[in-house]
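Below is one structure, written out as structure tokens; the observations come after it.
The values are calculated or read from the model by the stated rules, or taken from the named source; none is laboratory data. These figures come from a predicted structure and were not determined experimentally. Cβ sites come from the backbone with ideal geometry, for glycine too, and all protein chains shown count toward neighbours. To get the accessible areas, we keep the full protein, side chains included, count just its heavy atoms, and leave off ligands, DNA and RNA. Shrake-Rupley method; radii C 1.70, N 1.55, O 1.52, S 1.80 Å.
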Amino acid sequence: MVTPDKFREECGVVAIHSNAEAEKLAYLGLHALQHRGQESAGIATSDGMSLHSHKAMGLVPDIFTPAVLDKLRGTAAIGHTRYSTAGDSALLNAQPIMVQSNKGQIALAHNGNLVNAQEIRARLENQGSIFQTNSDTEVIVHLIALSREQTLPEAMADALRRVEGAFSLVMISVDRIFAARDPRGFRPLAMGRIPASGLEKRDTIVFASETCAFDLIGAEYERDVKPGELVVVGPEGVSSRFYSPTGPQSSCIFEHVYFSRPDSMVFGRAVDLSRENLGRELAREAPAEADIVVPVPDSGVTAAMGYASESGIPFRFGLIRNHYIGRTFIEPSQSVRDFGVKLKLNPVRSVLQNKRVILIDDSIVRGTTSRKIVRMIRQAGAKEVHMRISCPPTISPCFYGVDTPSKKQLIAANKSIEEIREYIGADSLAYLSLEGLKRACGDGEKTTYCTACYTGKYPTDWVDVEEIQPATVTED
Ligand code: SF4
């Protein structure tokens, strides 16, 4: 498998309680969260008597046809869209994972990465548990099913106290929805409400990884599920408990830099605000004499707008992204240089010709894509290319649910900034400082952030030290 030259999103989750069209709302919520995972998707619903579920490989609108949604009719639902960070990429590991337990039917969907999943799984298998998948999510399902606690909320709290890692998860039983975050709050999970109207006698409570899912279904953002909190929504209304004492928070700052949509609130803060601030900070820290500011679309757009307004240099779309690329494509037999990048991005010659360009991107992972983009912009007639990155150099992999290449493939872990500049062929290269990044994302205001992929200083001790050895990067 080719290592991606971008970080990969983790997963997205959504949950709906008490709505006559819960399955449709879950489907629309997943549609809005599609950017968080495009490998597989699934929905589990409750009609008040039993659970129903459907999951498949592919994109949300392709999986959930009207006929499929018809069979999923219910008044509560959870949904999941997946990019695998643990477990193989296969239908077997698609979520939600549904089981019949001694506490009734349950289905669970999870965004994040459990670090002690293998250890718990080995112990449970020794005791006779049979696992259906190799996803770490199933470990939580087994722990809930085997818990000595009598009620589902207690059993879930008991299970969550036994797992370590970064997780935001939603669970459904026949009459309840559960939503929880890990005690450090690595991954986001927001709670919203659709006020009762028409046929609905009570408010619909919704949960989603990002609030862009609420906008599509007419829900108002209410608050985040707090780190270490378990929220239960059932016939008696909404209740909350802290299943674990909360420690220092370490929310993933990369949600603001890259993963989340700019129209979302994440960790109680507008992503668009952070991303524009990133560009402004970058313009102050790393100015350049140039004619235009050009983003690498789509994720570099908001930061480029911030850079342009702060520097007074005009913002222009000098690269256009093709959004309609399928999973496979046929390459002409006479090979085209940089074909993969050209398929996704095309330069606008009339914008770039004879211009000194400031090119804004959100990261350089291996450097191979940046090198191709810089070459493409020069071939389109640009006189100079000054690359600016809206976060610090990425030097360490993530152990908290984000798919990063290993340390030996991260170019900034192995080369100096000057060596990277030379490799990508830019006239100048600058990254945002760690202080600039934290300021732009409001560190210490509503949350404190994990910045481990930029510092190598992990907020927990459960990391794989083998990964943290320097190595030499090779070109592909
Ligand atoms: Fe996010 Fe980086 Fe921390 Fe992973 S290591 S949680 S990607 S900030």
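Taking the inverse of the mean 1/r over every pair of distinct Cα atoms in segment 96-146 gives a Kirkwood hydrodynamic radius of 11.2 Å. Taking all C-alpha pairs of segment 215-361, those more than 21 Å from each other amount to 62 percent.
Computed from Cα atoms, the angle from the helix 152-162 axis to the main principal axis of the chain rounds to 50 degrees.
Over all distinct alpha-carbon pairs, what is the Kirkwood Rh of segment 119-209 in angstrom?
Roughly 15.0 Å, rounded to one decimal.
When the scattering of segment 392-444 is computed by the Debye formula from its Cα atoms alone, each counted once and equally, what is log10 I(q)/I(0) at q = 0.20, 0.23, 0.24, 0.25 Å⁻¹? Log10 I(q)/I(0), no solvent term: -0.86, -0.98, -1.00, -1.02. Given R0 = 35 Å, the distance between the Cβ atoms of residue 102 and residue 56 translates into a calculated FRET efficiency of 0.75. Only protein heavy atoms count here; on that basis, with a 1.4 Å probe, residue 182 has an accessible area of about 0 Å².
Summarising the overall dimensions of segment 169-230 from its C-alpha atoms, the Rg and Dmax are 12.3, 40 angstrom.
Spacing of the modelled spin labels on residue 356 and residue 148, each 7 Å from Cα toward Cβ, amounts to 7.3 nm. Looking at the chain, the DSSP beta bridges with both ends there are about 80 percent antiparallel. The angle between the Cα long axis of helix 137-146 and the main principal axis of the chain comes to about 20°, on a 0 to 90 degree scale. The share of Cα pairs per 5 Å bin across segment 208-259, counted from zero up to the longest distance, runs 4, 14, 17, 22, 23, 13, 6, 1 percent. Entry note, the chain: the mean residue ellipticity at 222 nm calculated from DSSP H runs of n ≥ 4, each adding -39500 (n - 2.57), is -7500 deg cm²/dmol after division by the residues and rounding to the nearest 500.
Of all the accessible heavy-atom surface of the chain, with the other protein chains kept in place and a 1.4 Å probe, what percent is carbon and sulfur?
Within the chain, the accessible surface is 50 percent carbon and sulfur.
Treating the angle as unsigned and between 0 and 90°, give the value, to the nearest 10°, between the Cα long axis of helix 301-311 and the longest Cα principal axis of the chain. In the chain, helix 301-311 runs at an angle near 50 degrees to the longest axis.
Taking the DSSP beta bridges in segment 42-108 as the whole, what percent of them are antiparallel, to the nearest 5?
Roughly 100 percent of the DSSP beta bridges within segment 42-108 come out antiparallel.
Geometric descriptor of segment 36-83, per residue, is 61 Å³ (volume of the convex hull of the Cα atoms). Using equal-weight Cα scatterers in the Debye expression, the normalised intensity of segment 15-147 in log10 at q = 0.09, 0.12, 0.14 Å⁻¹ is -0.26, -0.45, -0.61. Out of all Cα-Cα pairs in the chain, roughly what percent, to the nearest whole number, are more than 44 Å apart? Percentage above 44 Å: 15. Once you reduce segment 392-468 and segment 214-271 to the center of their Cα atoms, the two points are 24 Å from each other. Per residue, segment 211-299 exposes 36 Å² of accessible surface when a 1.4 Å probe is rolled over the protein heavy atoms with every protein chain present. Placing +1 on the Cβ of every Lys and Arg and -1 on the Cβ of every Asp and Glu, with no other charges, gives the chain a dipole of roughly 680 debye about its Cα centre. Here segment 36-152 is assigned +1 on the Cβ of each Lys and Arg and -1 on the Cβ of each Asp and Glu. Its dipole about the Cα centre then comes out at about 180 debye.
The rule of thumb for compact globular proteins, 2.2 N^0.38 Å, goes into the C-alpha radius of gyration of segment 136-275 1.08 times.
State whether segment 253-339 is rounded, prolate or oblate according to the following rule on the C-alpha gyration tensor (a ≥ b ≥ c being the square roots of its eigenvalues): a/c under 1.5 gives rounded; otherwise a/b larger than b/c gives prolate, and the remaining case gives oblate. Write out the running numbers ahead of the final one.
Values: a/c = 3.02, a/b = 1.43, b/c = 2.10.
Oblate, because a/c is 1.5 or more while a/b does not exceed b/c.
Considering segment 318-465 at the alpha-carbon level, its Rg and Dmax are found to be 17.5, 55 Å. Short to long, the 5 Å bins of the Cα pair-distance histogram for segment 313-398 hold 3, 12, 22, 22, 19, 12, 8, 2, 0 percent of all pairs.
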